[in-house]
Amino acid sequence: MRPRDPLLACSLALLLVASGCLGAPGGRPATGTDPVDTSPSPSPEATALPGDPVAWPDGPKERPPTPAALNESAVGDYAVTHEYRYVYNSLWFDRSTEVTVECDLDGVERERGAWRATVTCTGYSDSDGTTDDGTITGTPAPHADYFTQTWVYWIDRDADGDTVVHRVRAAD
């Protein structure tokens, strides 16, 4: 559908551009809430961890499996992989999106009886609105930046032996 009025066409184009700039990364509208977490509720022991269970964003990357053994190496690897995929999905819009993410492990330690891993990531995405075969899909998604952010992962086992993962923004 093409608007017949040039002023209406310009207004619609401006609205599309502005909504992408004001929205959440990946061109999704900013709602102020995370997607609904469909994972089972953790036990009361696990809810004592700082932060909240992680709601997984839509995108092509799967949530990584939790480590079988909780030790410094496994927790560090898991936290970096989890945050990388989380940020990737947050920046992803569709198949035409090119996402670039870099994550670093800042440290892993035992604290409050649980594992605490700190991860810092930065990234961005661009989409030109074309598919793999070169056909145009429509309006390109806007450029999205994920400015450097640091998150703390708290990882422990609950009373049933299930791994519980909480994520909280690192204090500045």
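Karplus couplings for region 63-73 from phi (6.51 cos²θ - 1.76 cosθ + 1.60, θ = phi - 60°), rounded to Hz, Gly and Pro as x?
So the J values, rounded to whole Hz, are 5, x, x, 5, x, 5, 10, 9, 9, 4, 5.
Can you give the accessible area of Y88 in Å² (nearest 10), computed on protein heavy atoms with a 1.4 Å probe?
Solvent-accessible area, nearest 10 Å²: 40 Å².
Could you work out how far apart the two model spin labels at R112 and T148 are, taking each label as a point 7 Å from the Cα in the direction of the beta carbon, and quote it in nm?
Reported label-point gap for R112 and T148 is 2.6 nm.
The values are calculated or read from the model by the stated rules, or taken from the named source; none is laboratory data. Here the structure is a predicted model, which means the values were calculated and not measured. Cβ: placed from backbone, ideal geometry, glycine included. Neighbour counts: every protein chain shown. Protein only, heavy atoms only, side chains kept; ligands, DNA and RNA dropped before computing areas. Shrake-Rupley method; radii C 1.70, N 1.55, O 1.52, S 1.80 Å.
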